[in-house]
1. Here are some residues: A:161, A:177, A:195. Which one is crowded, with 21+ Cβ neighbours inside 10 Å, assigned to a loop (DSSP other than H, G, I, E, B), modelled with pLDDT of 95 or more and of a type in the set (Gly, Ala, Ser)?
2. Quick one: residue A:36 ticks every box in (1) modelled with pLDDT under 95; (2) touching a strand residue (DSSP E or B) at 6+ places or on another chain (Cβ under 7 Å) except a single one, so which number is it?
3. Considering only residues that are of a type outside the set (Gly, Ala, Ser), outside any strand (DSSP E or B) and more than 10 Å from chain A (Cβ to nearest Cβ), look in the range B:80-104 and name the one that is surrounded by the fewest Cβ atoms within 10 Å (Cβ to Cβ).
4. Return the residues of the range B:56-79 that are within 12 Å of another protein chain (Cβ to nearest Cβ), assigned to a loop (DSSP other than H, G, I, E, B) and surrounded by 15 or more Cβ atoms within 10 Å (Cβ to Cβ); say none if nothing qualifies.
5. Tell me yes or no: at least one residue of the range A:85-95 is of a type in the set (Gly, Ala, Ser), buried (at least 20 other Cβ atoms within 10 Å of the Cβ) and touching a helix residue (DSSP H, G or I) at 6+ places or on another chain (Cβ under 7 Å).
6. Does the range B:110-124 include one or more residues that are more than 9 Å from chain A (Cβ to nearest Cβ), within 18 Å of residue B:8 (Cα to Cα), of a type in the set (Asp, Glu) and touching a strand residue (DSSP E or B) at 6+ places or on another chain (Cβ under 6 Å)?
7. Where residues in the range A:127-138 are within 24 Å of residue A:279 (Cα to Cα) and surrounded by fewer than 21 Cβ atoms within 10 Å (Cβ to Cβ), which of them is nearest to the other protein chains (Cβ to nearest Cβ)?
8. Output the residues belonging to the range B:1-55 that are touching a Cys at 6+ places or on another chain (Cβ under 9 Å), hydroxyl-bearing (Ser, Thr, Tyr) and either over 17 Å from residue A:242 (Cβ atoms) or loosely packed, with under 13 Cβ neighbours inside 10 Å (or both).
Amino acid sequence: MPHNTVAVVGAAETTKLGVITDLSQIGLHADAALNAMAECGLKPKDIDGIACAANETPVNLAHYLGITPTWIDGTSVGGCSFMIHVRHAAAAIESGLAKTILITHGESGKSRIGNPMRSVHPQSLNGQFEQPFGPMGPPSMFTIPALRYMKTYGVTVEQIAQVAVVQREWASKNPRATFRNLITTDDVLNSRMIAYPFRLLMCCLVTDGGGALILTSAERAKDFPTKPVYILGTGESVETPLVSQMEDFTSSRAFRVAGPTAFKEAGIAHKDVDHLMIYDAFAHLPIYGLEDLGFLPKGEAAAFIAGRNTAPGGSLPLNTNGGGLSYMHSGMYGMYALQESVRQMRGTAAAQIDGAKISVCHGVGGMFAASGTIIFSNQAP
Amino acid sequence: MATPGRALPQPTPETQFFWDGTKANELLLQRCDECSKVYFPPRPFCPVCASRNVSVTKASGKGVLYSYVIHHRPVPGFTPPYAIAVVELAEGPRMMTNIVECEQTPEALVLDMPVEVVFEPQTDTITLPLFRPASTTTAKG
């Protein structure tokens with residue numbers, strides 16, 4: 001598998017984030033793609049691979065952007081699809097299937113222009129064995145394992161609320177973050193109850209936006225105007241479409257496969273990691289991620305976060321854009337986590353970690369259904 | 001009994017036996033004839049060893065409350081707040097359900113408390129398996 005032989009040469013988000021009423025969903029894809037192509041000086045004829053997820057397929061985007069691909073990937077397994085696109089794109093470039101690959105995401109998650117609501121089919125496993133019991137989307141499903149985790153490890157809701165407090169500190173440093181005002185643990189615990197034990201401020205935002213990445217070989221990357229960000233290691237896995245059927249409610253099997261696969265490929269140790277992104281659709285996810293990726297023993301991540309180790313000035317800066325809890329979350333957040341890792345490696349993040357050389361970006365899809373992990377470096381091979 | 005508006009399952013050929021079972025007030029699982037794994041949700045082969053030699057087995061209907069949330073937002077067929085729960089059956093598999101005949105509060109919904117299945121008809125063809133706190137010797141009113 002690729003190791004330091006492929007680089008990100010283009011990375012951009014949509015011009016605006018938040019509530020965007022003048023673009024449809026495919027328009028958000030295109031806005032991000034045009035921004036990424038412009039910053040590295042590419043035109044549609046220079047792109048020979050394209051990947052995107054959900055209801056905008058590679059067919060839609062190739063047509064819309066005027067691209068004639070020799071390689072496509074429509075992997076769509078929820079919000080970590082983009083990590084998996086990066087992994088597949090790196091392998092494709094390494095093996096010569098394409099030279100310059102564009103990965104796009106756009107999502108009209110708030111305004112829902114050109115983004116119809118999806119329904120669960122009553123003949124599907126979800127439709128038969130979960131939907132009849134009253135879940136309505138991620139806030140009532142992704143959260144179901146948390147009480148079991150809390151009982152198993154003696155973790156309190158106050159500790160989980162700290163995840164939101166700390167990430168707001170990061171968001172306060174980021175002009176593009178949706179929510180920037182600092183909050184306290186009491187603010188979180190006094191916010192509206194959504195799905196006990198989860199309150200509003202422990203749940204992600206719902207916004208509009210998009211992002212795009214352009215990858216090519218590390219060799220070719222030297223000729224681009226942007227600072228190359230190299231791909232050191234990658235991993236992916238899936239577990240189950242039914243949150244009720246997770247093997248272990250205190251841990252994600254998909255995390256435990258994707259994360260260590262990426263670390264092994266990168267040939268790095270946890271102490272080598274300068275910056276970390278863990279997809280935070282809900283406040284318990286960074287806790288599961290820190291443990292399943294091997295940064296901490298089981299049961300210790302909540303206290304680690306509450307102890308300010310991942311906060312500004314801490315030893316392991318985590319979700320430095322403010323995360324899905326405070327920065328933005330259009331529904332499939334993984335693209336924005338990848339963008340922040342690339343910014344940190346380029347040295348252009350709003351809350352830049354001085355001297356950061358290695359960034360780990362870990363994504364989840366569905367309700368612990370899927371996972372993808374990418375490890376980046378700014379050090380030339 | 002029925003809760004209008006609640007999303008209802010549509011059985012498939014692979015799951016029809018399960019929904020026929022709940023209609024007859026039986027909770028049916030499957031057991032692999034080769035490796036003995038008891039599993040859920042239904043499929044006509046063993047998810048551990050891939051054997052197609054599997055048998056339907058009637059569950060005891062006993063289990064424990066494994067995890068849950070108490071949902072506070074409106075959903076058709078439900079009156080918030082209501083718990084969306086996962087129970088662990090005595091036979092091993094876990095399944096999503098609702099806990100009935102019980103206050104929908106953290107104080108009343110205690111993890112690992114014993115629960116037992118109750119069958120709640122929704123339509124002429126669909127009966128849902130729900131769970132209530134387990135009775136000791138006599139059924140609770």
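The values are calculated or read from the model by the stated rules, or taken from the named source; none is laboratory data. Just so we're clear, the structure is a prediction, and the values are computed from it rather than from any experiment. Ideal geometry is used to build each Cβ from the backbone, glycine not excepted, and the neighbour counts take in all protein chains shown.
1. A:177 is the lone residue from the list that is crowded, with 21+ Cβ neighbours inside 10 Å, assigned to a loop (DSSP other than H, G, I, E, B), modelled with pLDDT of 95 or more and of a type in the set (Gly, Ala, Ser).
2. The single condition residue A:36 does not satisfy is (1).
3. The qualifying residue surrounded by the fewest Cβ atoms within 10 Å (Cβ to Cβ) is B:103.
4. We begin by selecting, within the range B:56-79, every residue within 12 Å of another protein chain (Cβ to nearest Cβ); these are B:64-79.
Those left that are additionally assigned to a loop (DSSP other than H, G, I, E, B): B:72-79.
If the condition is that a residue be within 12 Å of another protein chain (Cβ to nearest Cβ), assigned to a loop (DSSP other than H, G, I, E, B) and surrounded by 15 or more Cβ atoms within 10 Å (Cβ to Cβ), then B:72, B:73, B:75, B:77, B:78 are the ones that fit.
5. No, there is no match, as no residue in the range A:85-95 is of a type in the set (Gly, Ala, Ser), buried (at least 20 other Cβ atoms within 10 Å of the Cβ) and touching a helix residue (DSSP H, G or I) at 6+ places or on another chain (Cβ under 7 Å).
6. yes
7. A:136
8. B:51, B:55 - these are the residues of the range B:1-55 that are touching a Cys at 6+ places or on another chain (Cβ under 9 Å), hydroxyl-bearing (Ser, Thr, Tyr) and either over 17 Å from residue A:242 (Cβ atoms) or loosely packed, with under 13 Cβ neighbours inside 10 Å (or both).
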